[in-house]
């Protein structure tokens with residue numbers, strides 16, 4: 001199992017990196033939707049992606065749509081400071097789960 005954390009906030013990436021290292025999980029830490037797609041195209045072992053909504057150029061929804069074109073089975077977790085009601089049912093259908101920032105670290109660990 002490999003996991004991707006995509007967030008333009010280094011602090012959030014560092015939190016996830018620490019969790020992944022403690023849990024001995026292989027991971028990629030990236031800051032853009034384009035980087036997620038590059039990783040996914042090059043490593044078919046990625047099974048989970050934690051994806052921030054607010055990204056430069058391509059937001060989390062747009063990135064998730066492109067991810068699903070590459071791999072329909074990958075689990076995508078949407079990270080956002082916005083309430084879930086901001087997103088349509090169609091948009092939320094792209095995601096395995098919505099995680100509102102700030103999130104509980106124990107909730108993240110339970111997803112592995």
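The values are calculated or read from the model by the stated rules, or taken from the named source; none is laboratory data. Worth saying up front: this structure is predicted, and the values here are computed from it rather than measured. So basically every Cβ, Gly included, is an ideal-geometry build from the backbone, and we count neighbours across all protein chains shown.
See the values below:
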{"read-out": "Pairs with Cβ under 9 Å, 6+ apart, first in segment 1-22 and surrounded by fewer than 19 Cβ atoms within 10 Å (Cβ to Cβ), second modelled with pLDDT of 95 or more and assigned to a helix (DSSP H, G or I)", "value": "2/39"}
{"read-out": "Test for residue 71: is it loosely packed, with under 13 Cβ neighbours inside 10 Å and in contact (Cβ under 8 Å) with a residue 12 or more places away in the chain", "value": "no"}
{"read-out": "Only listed residue being more than 13 Å from residue 2 (Cβ to Cβ), touching a residue at least 60 places away in the same chain (Cβ under 8 Å) and assigned to a strand (DSSP E or B), chosen from 111, 79", "value": "79"}
{"read-out": "Residues satisfying the stated conditions in segment 62-89, i.e. over 23 Å from residue 15 (Cβ atoms) and either touching a strand residue (DSSP E or B) at 6+ places or on another chain (Cβ under 7 Å) or modelled with pLDDT of 90 or more (or both)", "value": "62, 65, 66, 68, 69, 70, 71, 72, 73, 89"}
